[in-house]
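Okay, so here's the structure we're looking at.
A short reminder: the numbers here are calculations on the coordinates, not readings from a lab. In this text, all values refer to a predicted model and were calculated from it rather than measured experimentally. Don't worry about glycine lacking a Cβ; one is built from the backbone with ideal geometry, like all the others, and counts go over all protein chains shown.
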Amino acid sequence: MSATEITVDHPQRAKAFVHNDSRAHWHDQALWFVRVKRDRMAQSLPEWEQLRAKASQIKTHTISRLADYLEQFEREATKRGAVVHWAADAAEHNEIVLRLLREHGVKKVAKSKSMLTEECHLNPFLERHGIEVIDTDLGEWIVQLRHETPSHIVLPAIHIKKEEVGALFHERLGTDAGATDPKYLAEAARQKLREVFLSAEAGITGVNFAVAETGGIVVCTNEGNADLGTALPKLHIACLGLEKLIPRAADLGVFLRLLARSATGQPITSYSSHFHGPAPGGELHIVLVDNGRSNILGSDDYRRSLHCIRCGACMNTCPVYRRSGGHSYGATVPGPIGSILNPARDLQKYAKLPSACSLCASCTDVCPVKINLHEQLLTLRRDVARAGHLSRGKRFMMRSASFVFRRPRLYSALGKFGRWSLRWLPRFMIYGPWNPWGKQRDLPPPPRRSFRDEFRRRQA
Amino acid sequence: MSTKQAILDRIRKHLPQATELPALDLPAITFPDPVAQFSEVLASVGGSCLSVAEDLAQAVRTLPCFASARQIVCQVEGLPLGNKNLSEIADPHDLNDVDLAIMPGDFAVAENGAVWVSDRSVRHRAIYFLAQHLVLVVARAHVIDNLHQAYARLEFAERGYGLFISGPSKTADIEQSLVIGAHGPRSLTVLVVGGL
C-alpha cells in the first residue's frame, strides 16, 4: 500500500475518511469509548501514577543496558530449550522464518497478532513462497480477508462496520446474507478458524514481553488464539522486537497491570501466557529483530519511544487519529507513537506525520510508560524543517511567521488587520484554497481587541 | 561479522548513560475480602465464581456446563468426574471434542480476576483452549490481592508453560461488541474451595 509511496501524505489520505462525516464521527466515538474505559481502570488503582513511573524507570534502565540483557535473554532462553535467531532487518527476519518453515515442511501457518510481522510484511512474503498464513485474531483475520492492513495496533478492524463484516463473511464463509449480529458472525469465524488451528503445521506469534532473567516470553490475548495456535503444532516461531526486553520476571507485575488497563480498559487480558522453552516434543524459535530500533536508541531525542509497550492508548485518545483513521498514517504503527517511530526511522517518507498532531499532549498523559510523545512530535517537526522536507507553501509560511514574530509592531498591526478582516470581509475572501484550516470549519469569531490591548485596559 | 554481533555492537555504540535497576517497592492495592473482589472482577470479565464449602463434586455436578457435557477431562485430584484421560491421549488434536475441562488452578488474583495455571502434570496445554467450557478449582487460601504478590510466588527456573486466565475467551473485534467464546472456552467458572 505505502511501499511505493515516497512521502506518506497524511492530509491527502485522511481526506477520504473525513469525507464520510457520519462514519468519521462513529469511529471517533468508538475509540473514545475505549479511552473512557481506560480512565475508569486507571482511577480504580490508587497506585496508578506510581506504576507508570516505575514502568518508565524500568524501561529507561533496560535500554541503558540493552545489549547485556539481550545476551542474558538468549543464554537463559537457550538453557530452557528455545533457539534464538538474530535479524538485522525485515528481510532477514522473513528469511529466517521462511527457512524454519521449510525445514519443517510447513505449508500452513496459524498466526496470532504481531505488529512486528506486519512491519516486516511477513504474510505477503510467505505467500509468495507458497506458504499459507492465516491470521487468527478475529480483527486481523477480517482485515486479511479484505486484503487490508490493521488500522490500529490493538483493534485492527476498528474502522470496519458490522454490516461490512456481515457482507464479507457471507461472501467468504457462506453466512446468512444481511446478517450483522456480532455474536453470530464471531461464531462463524470460530468454526472456520477452529479448522485452521487443527490443520496448521506451525504457529507464529508476536511477543509482548521478553524476560532477560528467565529467557521467557509473554504473549497476551483475549481470544486465546496465540495459545491455540501454538499448543497443537510442533513448531512455534515467536517474533520479537528487541525493545520488548524487561530485566526480571517480577517486572511483569508492573507491566501486565498497566497493559490491558491502558489498552482496552480491562483489568488484564483473558490470557497472559508465559512460554519458557518449547512444549515437550516441540520446538520454540525466537526471532529477535532490530529493523532500525538500535538506531533510534542512539538518539537522545527519540530514545524514549523505545519504551512503548504497544497498548494503543495514545491512538484511542488522539483527536487526530480518532478523526482521520489509522490508514491515513500509511504505516504499521499509526497514531502519536507511530508518528514518532516511523519518521525516526525514515524522516523523508514520514515527514508529514509529526504534523498530524495538535500538540494537545493527551497522548503523553495516558501513556503507561510515560513517553513524552507530544514533545518528541514537536522536536520531529524541527528535524523535518531542518532536513528540508517541508513543502514550499509551509516553508514560506514558517518564514513569514518568523519574520512577523520578530517585529512586535508589525505583529500588532497585522493582528488588527486580521480582526478587522474577519469581521468585515465577505466569506469568499476568507475561505478558499489559501485557508486549509477553514476547509471544514469556520474560523472563530474575532475578539474585539488584542490580548495586549485587553491587558493594558485592565491594568489601567 | 554475524548479525548478532553487528546488532550488539550497534547497540553498545549507542548506549545512553546507565541508570539503576529500580527496586520493586511499590505500594499495591489490597482488599478486605479478596474472594469477594475476585468474584466481582471475574463476573465483570464474563466469568463466574462460586464458593464451595464442602462437596466439590456436587458443586460441579450442578453446573449447567456439566449437565450438557459428554466428553469431560478432569485433572483435579480426588474428583472422579472425567471420562477422558489426558495422559492416555497422544495427540492433542484428539482433544477437540472435549466439552468440559475441570482443572486445578495454583492461585487466584483478586485485582484482575485471573487464575494461574500451568502445564505441570498437564500433558497437553491445549486442553485449556480446546475445551468448550472450563472450570478451575482454587483453594480459598490461595486467593491473593494483586499481581505483584503473584510474581513473588512464581519461579521460572526450568522450561515450562504457565498463564493467567481471566474469564472466558472473548473478542470485541466487531464494532467493539463483546462476544464471549472467541476461539477458546465459552464459559469459565472458578470454584473457590475450602473454609476460611
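Some notes on this structure:
- Available extension along the chain between A:Ala177 and A:Arg458 is 94.3 nm, counting 0.36 nm per residue and deducting the alpha carbon span.
- Burial order of peptide ranges A:378-388, B:166-176 (average beta-carbon count within 10 Å, highest first): B:166-176, A:378-388
- Three-way shape label, the stretch A:87-241, alpha-carbon gyration tensor, a/c 1.5: prolate
- GNM flexibility winner over chain B from B:Leu24, B:Leu134, B:Leu56 (Cα, springs under 10 Å): B:Leu24
- Over the residues of chain A, the helix contribution to mean residue ellipticity at 222 nm works out to -15500 deg cm²/dmol, using -39500 (n - 2.57) for each DSSP H run of at least 4.
- Residues A:Glu454, A:Glu132 arranged by fewest to most Cβ contacts within 10 Å: A:Glu454, A:Glu132
- Considering the protein assembly as shown at the alpha-carbon level, its Rg and Dmax are found to be 26.6, 93 Å.
- Label-point separation in nm, A:Thr78 to A:Arg146, each point 7 Å along Cα→Cβ: 4.5
- Distant-in-sequence amide contacts of A:Phe209, defined by a placed amide H-H separation under 5 Å and a gap of 5 or more residues or a different chain, comprise A:Val218.
- Dipole axis of the stretch A:1-82 (+1 Lys, Arg; -1 Asp, Glu on Cβ), positive-most option in A:Thr60, A:Ala82, A:His27: A:Ala82
- Here the 3J(HN,Hα) profile of the stretch B:122-136, calculated from phi with Karplus coefficients 6.51, -1.76 and 1.60 at θ = phi - 60°, is 10, 5, 10, 5, 4, 4, 5, 10, 7, 4, 6, 9, 10, 10, 10 Hz, Gly and Pro shown as x.
- Alpha carbon centroid spacing (whole Å) that separates the stretch B:100-162 from the stretch A:69-145: 28
- Cα shape, the stretch A:230-305, gyration tensor, a/c 1.5 rule: oblate
- Counted by Cβ distance under 13 Å from A:Val133, the other residues give a net charge of -2, where Lys and Arg count +1 and Asp and Glu count -1.
- Dividing the Cα radius of gyration of the stretch A:1-63 by 2.2 N^0.38 Å, with N the residue count, gives 1.77.
- Dipole magnitude of the stretch A:169-268 about its Cα centre (Cβ charges: Lys, Arg +1; Asp, Glu -1), debye to nearest 20: 200
- For the protein assembly as shown, DSSP calls about 35 percent of its internal beta bridges antiparallel.
- Shape class of the stretch A:311-374 from the alpha-carbon gyration tensor: prolate, with a/c at 1.5 or above and a/b greater than b/c.
- Less than 5 angstrom separates the built amide H of B:Ala110 from those of B:Ile144, B:Asp145, B:Asn146, all sequence-distant by 5 or more or on a different chain.
- Per-residue 3J(HN,Hα) values for the stretch A:288-300, derived from phi via the Karplus relation 6.51 cos²θ - 1.76 cosθ + 1.60 with θ = phi - 60°, read 7, 10, 8, 6, x, 5, 5, 6, 4, 4, x, 9, 4 Hz in sequence order (x marks Gly and Pro).
- Taking B:Leu81, B:Leu26, B:Leu100 in turn, the Gaussian network model of chain B (Cα-Cα springs below 10 Å) assigns the largest fluctuation to B:Leu26.
- Taken residue by residue and averaged, Cβ atoms of other chains lying within 10 Å of the Cβ of B:25-31 number 4.
- Label point at A:Lys161 placed 7 Å out along Cα→Cβ; residues across the stretch B:166-196 whose backbone nitrogen lies under 12 Å: none
- Counting Cβ atoms of other protein chains within 10 Å of each Cβ in A:226-237 and taking the mean gives 4.
- Extension reserve of the A:Ile430-A:Leu414 stretch, reckoned as 0.36 nm per residue once the Cα distance is removed: 4.3 nm
- Given +1 at the Cβ of Lys and Arg, -1 at the Cβ of Asp and Glu and no other charges, the dipole of the protein assembly as shown around its Cα centre is 4280 debye to the nearest 20.
- Label point distance in nm, B:Gln17-A:Leu359, each placed 7 Å from Cα along Cα→Cβ: 2.7
- Overall shape of the stretch A:140-222 was characterised from the C-alpha gyration tensor. The equivalent ellipsoid obtained from it has semi-axes of 29, 16, 11 Å, in decreasing order.
- Length gained on full extension, A:Glu187 to A:Lys234: 14.2 nm, using 0.36 nm per residue less the C-alpha separation.
- In percent, rounded to a whole number, the relative contact order of chain A is 21, using alpha-carbon pairs under 8 Å and six or more apart.
- Amide H contacts under 5 Å for B:Ala139, placed H, 5+ residues apart: B:Val193
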